[in-house]
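Derivation of every value follows stated rules applied to the coordinates shown; laboratory data play no part. From a predicted model like this one, the values you see are computed outputs, not experimental measurements. Reconstructed Cβ throughout: ideal geometry from the backbone, glycine too, with neighbour counts over all protein chains shown.
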Amino acid sequence: MDYLPRYYDRSAEVIALQGALDPEAAAVRAAWDGLLAQLNVATATWGLEAWERALGLETDVSRPHEWRRTRILSKLRGQGTTTVAMIQRVAESFSNGAVDVIEHAEEYRFDVKFTGTIGIPPNMDDLSAAIEEIKPAHLDYDYIILYRTHAMLTPYTHGGLAAFTHDTLRGGSMT
């Protein structure tokens, strides 16, 4: 009604018509916004399958959306000529933390060092699959994973550490 001339404010028929059209227009706007959300990997839900199909990835709807998004983003970042920066970006997308890639050209290999996380990052199998897909076939690689040292745990008492498992002490969250 805000877009119509003011004399329609007194017309019961126009008011009823606009009242009937308004929910439909709102539904169209919501559908439009939902469609636009599928065009961005970070916000896609039901559109993830189209992204996976376009990139040649196997669709597994039993997996959480975040897991599927990570694979899609990795595939998108891994396109083109393989560089150290590309491998770094792909590894960071899986580890959710900073990563250094250290080249050993004379040995035909490189190291992927997780510097932004302590302990084994999640989704290592998928990271390995992504690296295998983008790296040149003649190169080998190793992971360097950081763990807590005894020196890092000295501020804690033995009783305080007893609340944590060994896995948590090595690399889990102690907060």
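Checked against (1) surrounded by fewer than 10 Cβ atoms within 10 Å (Cβ to Cβ); (2) of a type outside the set (A, V, I, L, M); (3) touching a Ser or Thr at 6+ places or on another chain (Cβ under 9 Å), residue 24 passes all but a single condition, namely (3).
Within region 35-44, the presence of a residue that is surrounded by 12 or more Cβ atoms within 10 Å (Cβ to Cβ), under 18 Å from residue 121 (Cα atoms), within 18 Å of the chain's Cα centre (by Cα) and free of Cβ contacts under 8 Å to residues at least 40 places away in the same chain is excluded. Would you call residue 50 out of contact with any Phe, Trp or Tyr (no Cβ under 6 Å at 6 or more places or on another chain), surrounded by fewer than 17 Cβ atoms within 10 Å (Cβ to Cβ), touching a residue at least 12 places away in the same chain (Cβ under 8 Å) and farther than 30 Å from residue 108 by Cβ? So residue 50 passes the test. The residue that is farthest from the chain's Cα centre (by Cα), counting only those in region 130-141 that are surrounded by 14 or more Cβ atoms within 10 Å (Cβ to Cβ) and part of a helix (DSSP H, G or I), is 134. Of all residues in region 152-175, those that are over 22 Å from residue 116 (Cβ atoms) have Cβ atoms under 8 Å from Cβ atoms of residues that are outside any loop (DSSP other than H, G, I, E, B), 6 or more apart or on another chain, in 161/153; 161/169.
Please work out if residue 22 is of a type outside the set (S, T, N, Q) and closer than 30 Å to residue 136 by Cα. Spelling it out, it is not the case that residue 22 is of a type outside the set (S, T, N, Q) and closer than 30 Å to residue 136 by Cα. Applying the set (1) of a type outside the set (A, V, I, L, M); (2) more than 19 Å from residue 134 (Cα to Cα); (3) surrounded by fewer than 12 Cβ atoms within 10 Å (Cβ to Cβ) to residue 58 leaves exactly one unmet item: (2).
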